[in-house]
Amino acid sequence: MRILDRYVIREVLWPFVLGLLVFTFLLIIPFLIEYAESFISKGVPIPVVLRVMGTLVPSVMALTIPMSLLLGLLVGFGRLSADREFVAMQACGVSLTRLLRPVGLLSVLAWGATTYILIVAVPDANQRFREITFGIVAARAEGEVRPRIFFEDFPDVVLYVRDVSQTGGGWQDVFMADSRPGQPQSVYLARHGRVVIDRERRTLDMVLEDGARHVADGAAKYEVFQFDRLLLSLNPETVFPREGPPLGTREMSIPQLQARAAELEREGIYPHSELFEIQKKFSIPFACLVFGLIGLALGVNNRRDGKLASFAIGLGVIFAYYVLLWLGQSLVRGHIVPPWLAAWLPNMALGALGAWLLLRHRRPHGGSNKLPGLPRLPALKIPPLRLPFLGILDRYVASAYLRVAALSAVAMAGIFYISTFLDLSDKVFRGQATWGMLFAYFWYATPQYVYYILPLAVLLAALVTIGLLTKNSELVVMKACGISLYRVALPMVVTAIFAGGVLFVLEQTVLGPANRRAEALRHVIRGGSPQTFDVLLRRWIVGTDGAIYHFDSFDPRAQQLNGLSVYDFGSRMPVLARRTFAERATYTAGAPGGNSWRMERGWVRELTDTGETRSFVPFDVSQEPIEPTDYFTTQQPDERFMSYSQLRDYTSRLQASGIDISGQLVALERKLSFPFVTIVMTLLAIPFAVTTGRRGAMYGIGVGIALAISYWVTISIFAALGAGGLVAPLLAAWAPNLLFGAGAGYLLLTVRT
């Protein structure tokens, strides 16, 4: 390798590594929140949690390696073109073809790595992930039950508990409705409960202690069975599949896919998904070679837009590649084209484009002119802010800062959309969902994307802006004019405060409802039943006084409940004091007493503490004061889908009941502490950028990603410790801000201003 080859590789390698870190980190964040915090809070050992996170990396890197290669080429050659180094190379007789040598070497290495990951690493890692998480759920199944939320994942039973022990000791105050086939429908109430799973014997048992079983066979016959300890054997098939965790096409190796395809063909079914997946394991790695060609052709376009504009170009090419891939899969499903052609269609189209661009650049003066059909990317113009308190310096710094922040936000949003599309689009092609459902999911998931992206965009903008001012010696000139670093950074701090306010307002208004709708759509797209999320089919609900309501259906127009059962408890949960049933209940708005319902064809049974019937009153028509009609159209309380004020009121009610609400208190404090991350990250980025600014903007991006990773890991660890009761909820939520804020304060006080 000659000096030129090493120089080009070094220019491309650094943004490639940074892009790999950025893309991988962004795609891992949802899994980190979903799995890591949950596992740590349930006492899963840290090595097991790290193993779970490690198994997620190969599937992510199969996407991020080609993306990072294209980004590295565009950024590296974009820098050479912007600084006119490529012009100097041409003047010295270095042709574009000569640059194919280092680019080809990097592309071949990326192609080999991606091929190994897709063919060998991804099937093994995905299967290990399923086995590890399967084992965790099997070992700690009771930990999946959330307090005061109806749990319907156990077969043929509905479970509701008022408290869950974070140490794995089971549940407190248990209500369970049993509708297993072949047995009378029963209701169990117990002071304690837990689930016992034996993986070797493949059994699933529910253990209830200090409780009673209630069986109502019609209106007249009613039985109550008191017990100290009761063992219920449940259907284990949903927990123990017959052949272990089921394999999806992405988890299968090539021999497994071929065997599955042959099996489907014998059944007379065309195995389009399996054949297409086999071809993808070869076509996606080959995209590294195509991206290498396009990256070289576009990167040496003598652009002056700077390196950061390459994010937008790279994401555009990547989006085009995967759109063609999805289009090909749709054509395969419609039996229009064979699977091999559909999988290789993006490589053919973009490869031809890259070859054409490369040939055009080889012509005389071909590299100095703007490419036809490819409009020049305009620089992002920030309109001047003509405010009395903003001077020229403030406008100059704010303009550069907002330009970088906007470009970073758009780039990261593109990554989220592309990865989500990759994850869910195959459900559309298989007919499990529609395009309308998928785009609706994107719409409702956007607030959560913004919630993730905005702090990172603010961090990167501060690092890059101060870094560029330092590298160009502009900061030195400002200091020479008597302007301190604190004054220069004032527009960034003000913007960070505004961004934090946006996060809080977003969380307080649209984030919770949007997340609930997005989660419901994702559940349905993945093949789940909408019953879990549809408020009109939510048949179990808890009243404000602790009573539990069950109904077969609810008609909001007629304000009518059908098949209504009401369970009223005494001073403690295991005691059922009153039970009401009505075939139909209609809301009577003008009735005395407010929330009155007209009950038809039912009965009311009052019970003693020992389960004896105190009174039994059948009725044809009766008036009962229960919850208002709008109460039956509200969602279940879940901190993930609640605003700060809603969660605060909810935790206040729970705290008054005397149960352990550590997890809810941590979630409440996190909703208040997280918006401050924009301020903390900005204060931390400013001194970091001053000390590292001479190394360039890409180095600042690398530092920003390292800081973001550290912050997210710290958040997850302390949140898990707080939910587990090992750390006070207030400290668990604010500890990351305190730690990183202390570091920022120290650096700000010691940096040369």
Going through (1) assigned to a helix (DSSP H, G or I); (2) touching a residue at least 12 places away in the same chain (Cβ under 8 Å) one by one, residue 477 fails only at (2)
Checked pairs for region 329-346, first more than 16 Å from residue 287 (Cβ to Cβ) and part of a helix (DSSP H, G or I), second modelled with pLDDT under 80 and of a type outside the set (Ser, Thr, Tyr), C-beta under 7 Å and 6 or more apart or across chains, list as 330/429; 332/272; 333/272; 333/429; 339/272; 339/332
The condition of being part of a helix (DSSP H, G or I), assigned by TED's automatic domain parsing to the domain that holds residue 360 and over 28 Å from residue 347 (Cβ atoms) holds, among 87, 108, only for 87
Of (1) modelled with pLDDT of 80 or more; (2) over 41 Å from the mean Cα position of the chain (by Cα); (3) within 24 Å of residue 188 (Cβ to Cβ), residue 598 fails just (3)
Only one of 21, 32 is at pLDDT below 75, under 26 Å from residue 717 (Cα atoms), out of contact with any His (no Cβ under 6 Å at 6 or more places or on another chain) and of a type in the set (A, V, I, L, M), namely 32
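Yes/no matrix, rows are residues, columns are (1) at pLDDT 80 or above; (2) closer than 30 Å to residue 469 by Cα; (3) among the small types (Gly, Ala, Ser):
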position	(1), (2), (3)
501	yes, yes, yes
524	no, no, no
538	no, no, no
545	no, no, no
565	yes, no, yes
577	yes, no, yes
586	yes, no, no
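The values are calculated or read from the model by the stated rules, or taken from the named source; none is laboratory data. Since this is a predicted model, take the numbers as computed values, not measurements. With ideal geometry, Cβ positions are generated from the backbone for all residues, glycine too; neighbour counts draw on all protein chains shown.
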